[in-house]
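Here's the structure, in structure tokens; my notes come after.
The values are calculated or read from the model by the stated rules, or taken from the named source; none is laboratory data. Remember, it's a predicted structure, so these values are computed and weren't measured experimentally. Ideal geometry is used to build each Cβ from the backbone, glycine not excepted, and the neighbour counts take in all protein chains shown. With ligands, DNA and RNA removed, areas are computed over all heavy atoms of the protein, side chains included. Shrake-Rupley method; radii C 1.70, N 1.55, O 1.52, S 1.80 Å.
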Amino acid sequence: PGAAQGRQDRVKRRSKVGAALAVVASLALAGTALAAGFTNGSFENTGSSYIGSGGGFMPAVTGTTIPGWTVTSGNVDWINTYWSAEDGSFSLDLDGTEPGAISQTFDTAPNATYHVQFYLSGNPDPNSYCGGAANCVSPSNKTLTVTANGGQSGTYSFDTSTFGNTHGSMDWQLESYAFVATGSSTTLTFASTTPGAFGPALDNVTMTATAATGAQCKHGGWKTMHDGSGNLFRNQGQCVSFYATSGAVPIGN
């Protein structure tokens, strides 16, 4: 079949077989990520939980888990062979049939700065892949936001008309985001802000940390720093004590 017919078949799969498959997957895999080390930034099939739809991707609705991650709103496509990954064999389209979001919760050290890097691309399918489906458009500019614990967000975009990416050559672009942890665990969220079924593509999320020290408590630094439970310190001495005991004595309000 031609490209338009192929896209039309894909839309049909999403609305019928894909939807049923995603519900089964969500029942089998649903769960809340426990705080632990950050894991599976490349969305690999580490738990053998990928269930292909026959089109090289797996629809994943809210509540479905992809090893290390949970779909927290809307729905996404867990991509295998539909297009080329930046790292490993898998990646994500953050729009399934609508904008979706994914989250992962992991251990953090209070006041440490975490630097997140990820690769961004965009679903290259054009409007013609809709096969005439109502309200189906493919905006060239794919956008997403990144947040840590729902705080300040970073906004990112990939314009397929500028990069000219294809399924075989996605032209992945490296992006970065940073946050300061306020407690002993943090939830990182990637959310599409692109309407429709042709969203931003995400892969190879990595993270490094720069630890906070007692020296940062000085010169008023303690006023914005937190103990292991997210409490602000009452004074510089309490802040210094927290680091002198490696957090064994968290002191808050």
Taking the stretch 168-194 and keeping residues open to solvent by less than 20 Å² (accessible area, probe 1.4 Å), farther than 20 Å from Phe158 by Cβ and hydroxyl-bearing (Ser, Thr, Tyr) leaves Thr186
Going by the structure shown, is Asn204 farther than 19 Å from Thr97 by Cα, modelled with pLDDT under 95 and touching a strand residue (DSSP E or B) at 6+ places or on another chain (Cβ under 7 Å)? no
Exactly one of Asp107, Asp93, Asp125 is among the charged types (D, E, K, R) and surrounded by fewer than 17 Cβ atoms within 10 Å (Cβ to Cβ), and that one is Asp107
key: Flag if Thr72 is open to solvent by 30 Å² or more (accessible area, probe 1.4 Å) and part of a loop (DSSP other than H, G, I, E, B)   = no
When the stretch 76-126 is checked residue by residue, the ones that are among the aromatic types (Phe, Trp, Tyr), assigned to a loop (DSSP other than H, G, I, E, B) and either in contact with a Ser or Thr (Cβ under 7 Å, 6 or more places away or on another chain) or at pLDDT below 95 (or both) are Phe90
Report yes if Gly18 is open to solvent by less than 40 Å² (accessible area, probe 1.4 Å), of a type in the set (Gly, Ala, Ser) and either at pLDDT below 90 or under 30 Å from Thr224 (Cβ atoms) (or both), otherwise no.
yes
By residue number, the members of the stretch 61-93 that are under 18 Å from Asp203 (Cβ atoms), of a type in the set (Gly, Ala, Ser) and in contact (Cβ under 8 Å) with a residue 40 or more places away in the chain are Ser84, Ala85, Gly88, Ser89, Ser91
When the stretch 202-221 is checked residue by residue, the ones that are open to solvent by 20 Å² or more (accessible area, probe 1.4 Å) and closer than 26 Å to Thr39 by Cα are Asn204, Thr206, Met207, Thr208, Ala209, Thr210, Ala211, Thr213
Looking across the stretch 135-152 at residues that are open to solvent by 60 Å² or more (accessible area, probe 1.4 Å) and in a loop (DSSP other than H, G, I, E, B), the single one that is nearest to Thr194 (Cα to Cα) is Val137
Looking across the stretch 241-253 at residues that are assigned to a loop (DSSP other than H, G, I, E, B) and open to solvent by 50 Å² or more (accessible area, probe 1.4 Å), the single one that is nearest to Gly183 (Cα to Cα) is Pro250
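Kindly check whether there is at least one residue in the stretch 189-197 that is at pLDDT 95 or above and under 24 Å from Gly221 (Cβ atoms).
Scanning the stretch 189-197, I find no residue that is at pLDDT 95 or above and under 24 Å from Gly221 (Cβ atoms), so the answer is no.
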Over the stretch 222-240, the set of residues buried (at least 17 other Cβ atoms within 10 Å of the Cβ) and outside any loop (DSSP other than H, G, I, E, B) is Trp222, His226, Gln236, Gln238, Cys239, Val240
